Amino acid sequence: MKKLSANLRQKWNGFRTGLKEKVCGKSLSGITVIELVLILVIVIALLLIFKNQLISLINTIFEKIISESSGI
């Protein structure tokens with residue numbers, strides 16, 4: 001029984017170490033803050049460009065949901 005608990009403890013410690021490495025950035029070193037900011041700027045710009053079309057699409061979807069739900 002002691003051997004089993006020692007084995008589980010060892011596996012748990014290995015899992016925690018691997019998780020800490022991923023969270024602390026050792027495996028996430030390929031993406032920088034500048035890249036994240038640029039991606040956010042692009043997404044916001046696309047939202048502003050297509051704002052009217054997106055609002056129209058969302059309104060159409062909600063109108064359809066409301067009309068379909070009244071039949072239930």
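For V41, all conditions in the list (1) assigned to a helix (DSSP H, G or I); (2) modelled with pLDDT under 80 hold save one; what is the number of the exception?
Of (1) assigned to a helix (DSSP H, G or I); (2) modelled with pLDDT under 80, only one is false for V41: (2).
Take the residues of segment 44-72 that are among the small types (G, A, S) and in a loop (DSSP other than H, G, I, E, B): which is modelled with the lowest pLDDT? Walk me through it before giving the result.
Taking segment 44-72 as the starting set, the residues that turn out to be among the small types (G, A, S) are 45, 56, 67, 69-71.
Of the ones still in play, those that are also in a loop (DSSP other than H, G, I, E, B) are 70-71.
Numbers: S70: 78, G71: 73.
Of everything passing the filter in segment 44-72, G71 is modelled with the lowest pLDDT.
The values are calculated or read from the model by the stated rules, or taken from the named source; none is laboratory data. The structure displayed is predicted, hence computed values, not measured ones.
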